[in-house]
Each structure stands twice: as C-alpha cells, then as structure tokens.
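J.: This structure is in structure tokens; I'll ask about it shortly.
The values are calculated or read from the model by the stated rules, or taken from the named source; none is laboratory data. None of the values given here were measured: they were computed from a predicted structure. All Cβ positions, even for glycine, are placed from backbone atoms using ideal geometry, and neighbour counts span all protein chains on display.
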Amino acid sequence: MIAIAAASIVLPHRQTGAATLLIAHGRIVDILEGQPVPSGAAVHALHDCLLAPGFIDVHVHGMQGADVLNGADALQHVAAALPHSGVTAFCPTSVACAPGVLQSLLEDVRLARRRPQLGAARVLPAHLESNFINPVWNGAQPAACLRLPPSPHAVASGPGDYSGDDVLRIIEAHHDAVAIVTVAPELPGGLALVQQLRDLGIIVSIGHSGATFDEACRAIDAGVTHATHLFNRMTPLTHRDPGVVGAVLASPQVRAEILADGHHVHPAVMRVAIAAKGIAGIMAITDGTAGSGLPVGTQTTLGGQRVTVTDRWAALDDGTLAGSVSTMEQVWNVLTGPVGLSPVDAARACATTPAEQLRLAEQGRLVPGALADIVALGPDGRVRQTWVDGVAALAPPDRA
Ligand SMILES: [Zn+2]
C-alpha cells in the first residue's frame with residue numbers, strides 16, 4: 001500500500017486540510033483526515049503539496065517535438081511526456097489529414113490502448129479535428145485536406161484524391177478508437193453526418209464553424225454535445241446575433257472546451273462562460289502542439305506544416321495561430337490565478353468534467369474506488385509528481 005501525505009486533497013466538493021491518500025492495486029483505497037496511516041504503508045511525504053485528480057486533456061496534438069500524427073513512436077513520446085504537466089489521460093488529437101494518415105493514427109491509438117506504457121498517460125480514443133470543418137474558419141487546419149460531409153453524389157476528383165465518404169469509412173472501421181469528431185454542421189450534409197457519428201457512439205463537437213445561431217441549435221438538436229475550443233474559430237456572440245458561441249452557452253446539453261492558456265481566451269471571458277454554463281459544463285484543454293514544452297523560436301510541425309514556438313502560442317509561417325504551446329500545468333495556474341477558480345472548481349474543469357464527457361466513471365475524481373490517477377502540485381503551482389494507475393510517473397531528482 002502507498003500513502004501520500006499532503007497539505008491538502010481536492011475532493012469533488014471540498015478541499016481537505018492536511019490529509020493522506022491511500023493507494024493499493026492501482027486504486028484509491030481511502031482518504032485519511034486525522035486517522036492513523038496503516039502500518040506497512042510506504043509513505044510519500046509531500047507535506048507542502050496539494051493533491052488533485054490527474055488532468056484529462058481531451059484536445060492535445062503533441063508535446064516536446066512530437067505530433068501524434070507522426071507515428072506510433074511519436075504517440076508514445078507524447079504519452080510519456082504528458083505526466084510531467086500532470087496529465088494522466090488524453091485524447092490524441094488530429095488535424096484534418098488524408099485517410100491513410102488518419103487510419104495510421106487510429107491503428108496506433110488502438111495499439112497504445114491495448115499495451116499501455118508504465119508511467120505514461122493513458123491513451124484515450126482520439127479526437128479528430130476533422131476534414132469536415134468550414135474552410136473559412138479552418139485556422140491552422142490544412143485547407144487542402146478539408147472535404148464536404150459524405151453525400152450519395154460525392155466523387156473523388158482524381159487519382160490519389162479522396163472524398164468525405166472515404167474519410168467516414170475510415171472512422172467507421174475504427175470507431176472504437178475515436179472519442180470525439182469536430183464538425184462544422186452548417187456544411188451541406190452536416191446534420192446527417194452528426195447523426196451518423198452519433199450512431200457510431202462518437203461524441204460530435206461543433207467547431208471551426210461559421211454556423212448561425214439557428215444552424216448551431218439545429219445541430220445541437222441533432223446530437224452535438226461538445227464544443228471545440230469555445231470562442232476560438234467559431235461565429236462570435238453579439239447581442240442580436242448569438243452565433244455558435246451563443247448556442248453553446250445557452251445549451252446545457254453541450255459541454256464546452258476552453259483553451260485556458262491565458263492567451264487564446266481572456267480570463268474575464270472564461271469567467272463569463274463558466275457563469276453561463278456552470279463549471280460542470282466546461283472542459284479545460286491545452287490544444288497543445290509539438291511545440292509545447294519547447295523553447296521560444298523552436299520550429300516543429302503540426303500535421304506536417306511547419307510551426308514556430310512564440311512566447312504565446314504556435315504560429316504557421318504566415319503568422320496564423322496554430323494551437324497553443326501550453327501545458328495543463330499552465331492551464332491549472334491560469335484557472336486558479338487570473339480566472340480566480342478554487343482548486344475544487346479547477347479540478348472539475350481539468351479532470352472531472354472531461355471524465356464525465358468521455359464516460360470514464362473511474363477517473364477524474366479523488367474518491368475511494370477510483371483509479372489512482374493523481375497529480376501533486378507544489379506551492380509554486382508546479383507539478384511535483386504524477387501517478388497513473390498508482391505508479392509514480394516522474395522521478396527526476398529535482399522533482400522527486
Ligand atoms: Zn486543435
């Protein structure tokens with residue numbers, strides 16, 4: 001049995017004072033507040049740390065030079081790197097890509113899920129920031145890879161080219177490896193696609209979308225329950241024209257991602273979104289890229305396109321914002337700092353709500369019986385240790 005003694009433990013509805021969390025066989029056994037620690041337990045003394053549920057990032061493309069689209073080794077590298085920022089589970093996230101590339105990713109995801117690496121973050125089914133997004137709102141998504149949703153009349157335009165139907169066939173054949181697909185539902189055939197994906201058990205997310213408020217509401221009625229980086233790359237809210245943002249904020253059945261690096265969405269706007277949806281409707285994400293964790297000026301790739309790390313985000317050569325270079329450690333500190341959330345609410349946005357959205361009943365909360373996926377944060381807000389399945393994932397001397 002392992003006992004982690006901490007300054008405080010973040011429970012689902014409150015924070016303890018000094019307390020000890022007990023782990024056995026990869027699960028949380030008990031949380032002791034004042035009771036004696038069982039004899040024989042191996043005690044990890046982290047008396048200045050706060051314990052929170054391990055972070056679950058439902059939108060991350062890469063980290064430390066690796067992009068999940070670059071093959072099985074890159075996926076493993078990302079999984080091994082993420083616990084350094086407190087992440088214990090993640091959805092490997094693609095940008096729009098050719099069917100062959102998508103197929104490789106989904107096969108890599110399947111394999112990684114079958115053979116988890118000790119001490120690495122859990123590989124969850126993928127999030128496809130898909131081919132079915134609006135070319136006007138694509139951001140850094142490669143325009144050449146965008147396709148209309150499948151239709152009976154769709155034809156590929158030439159040898160080597162592909163249609164939306166080809167993409168959907170790959171998703172269907174690997175639907176067990178897909179958690180979320182981002183779609184612009186206003187595209188022709190968009191609503192039918194929402195229903196097809198729902199029928200496969202996939203969460204459909206509205207994003208990279210130029211939908212009107214009414215179009216977005218119709219998509220939500222058709223089964224959209226997720227929003228991809230709320231505010232970024234979607235029609236904004238104004239008082240007479242609520243856009244996609246207004247539809248998401250006004251619809252309790254939709255949980256919204258927020259890219260909470262402090263640069264992509266103003267902290268005051270994050271507070272507005274949390275007030276509108278409740279903290280149970282918000283999932284904090286990094287949208288992290290291969291540039292995350294690398295020094296400013298480093299060049300790396302996003303879905304095969306060159307990106308450069310700046311002091312705020314990753315940028316394409318033409319300056320287009322191409323995702324973030326943030327980590328969940330930074331996101332936690334933005335939420336508990338400028339946004340002003342309590343650790344209990346920050347843990348909800350960083351772990352509990354993402355787990356609920358993905359129906360991961362045993363993750364996202366520090367309660368007896370849950371999987372022992374835990375992050376320990378020091379008083380400086382830095383991740384001191386992360387446990388995945390009860391196994392300590394970090395052991396560098398400066399952090400042990
Ligand atoms: Zn993204």
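J.: What do you reckon, is ALA80 hydrophobic (A, V, I, L, M, F, W, C), more than 16 Å from the ligand (Cβ to nearest atom) and within 17 Å of the chain's Cα centre (by Cα)?
T.: On the way: hydrophobic (A, V, I, L, M, F, W, C): yes; more than 16 Å from the ligand (Cβ to nearest atom): yes; within 17 Å of the chain's Cα centre (by Cα): yes.
The answer is yes for ALA80.
J.: What about GLY100, is it over 17 Å from the mean Cα position of the chain (by Cα) and at pLDDT below 95? Break it down into steps so the answer makes sense when it comes.
T.: Details: over 17 Å from the mean Cα position of the chain (by Cα): yes; at pLDDT below 95: no.
When the stated conditions are applied, GLY100 does not pass them.
J.: Would you call LEU118 more than 16 Å from the ligand (Cβ to nearest atom), of a type in the set (A, V, I, L, M), surrounded by fewer than 22 Cβ atoms within 10 Å (Cβ to Cβ) and within 15 Å of ALA177 (Cα to Cα)? Spell out the reasoning first.
T.: Values: more than 16 Å from the ligand (Cβ to nearest atom): yes; of a type in the set (A, V, I, L, M): yes; surrounded by fewer than 22 Cβ atoms within 10 Å (Cβ to Cβ): yes; within 15 Å of ALA177 (Cα to Cα): no.
For LEU118, the condition - more than 16 Å from the ligand (Cβ to nearest atom), of a type in the set (A, V, I, L, M), surrounded by fewer than 22 Cβ atoms within 10 Å (Cβ to Cβ) and within 15 Å of ALA177 (Cα to Cα) - is not met.
J.: Consider only pairs whose beta carbons are under 6 Å apart and that are at least six residues apart or on different chains; among these, list those whose first residue lies in the stretch 53-72 and is polar (S, T, N, Q) and whose second residue is more than 13 Å from the ligand (Cβ to nearest atom).
T.: These pairs meet every condition: GLN64/ALA81; GLN64/GLY293.
Conditions tested, residue by residue: (1) within 16 Å of the ligand (Cβ to nearest atom); (2) within 16 Å of HIS59 (Cβ to Cβ).
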| position | (1), (2) |
| --- | --- |
| GLY303 | yes, yes |
| ASP317 | no, no |
| SER342 | no, no |
| PRO354 | yes, yes |
| LEU358 | no, yes |
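J.: Something else about it: Would you mind finding the one in ASP30, ASP67, ASP57 that is among the charged types (D, E, K, R) and more than 16 Å from the ligand (Cβ to nearest atom)?
T.: Answer to the selection: ASP30.
J.: Related question: Across the stretch 28-42, what is the total count of residues that are aliphatic (A, V, I, L, M) and more than 32 Å from the chain's Cα centre (by Cα)? So that I can check it myself, show each step before the final result.
T.: Here is the first cut: in the stretch 28-42, the ones aliphatic (A, V, I, L, M) are 28-29, 31-32, 37, 41-42.
Among the residues that remain, those that are also more than 32 Å from the chain's Cα centre (by Cα) are: 37, 41-42.
So the count comes out to 3.
J.: Among the residues of the stretch 126-151, what is the count of those that are assigned to a loop (DSSP other than H, G, I, E, B), within 14 Å of the ligand (Cβ to nearest atom) and hydrophobic (A, V, I, L, M, F, W, C)?
T.: 2
J.: Ok, one more. Inside the stretch 285-300, can you point out the residues that are more than 14 Å from the ligand (Cβ to nearest atom) and in a strand (DSSP E or B)? Walk me through how you get there before you give the answer.
T.: If we filter the stretch 285-300 for residues that are more than 14 Å from the ligand (Cβ to nearest atom), which is where we start, we get 293-300.
Result: GLN299, THR300.
Yes/no matrix, rows are residues, columns are (1) in a strand (DSSP E or B); (2) modelled with pLDDT under 95; (3) surrounded by fewer than 24 Cβ atoms within 10 Å (Cβ to Cβ); (4) not assigned by TED's automatic domain parsing to the domain that holds GLU356:
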| site | (1), (2), (3), (4) |
| --- | --- |
| GLY34 | no, yes, yes, yes |
| GLY40 | no, yes, yes, yes |
| LEU46 | yes, no, yes, yes |
| HIS59 | yes, no, no, no |
| ASP73 | no, no, yes, no |
| GLN76 | no, no, yes, no |
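J.: Just checking, does the stretch 154-174 include any residue being within 16 Å of the ligand (Cβ to nearest atom), part of a helix (DSSP H, G or I) and over 30 Å from ILE374 (Cα atoms)? Spell out how you get there, then give the answer.
T.: Of the residues in the stretch 154-174, the ones within 16 Å of the ligand (Cβ to nearest atom) are none.
No, the stretch 154-174 has no match at all.
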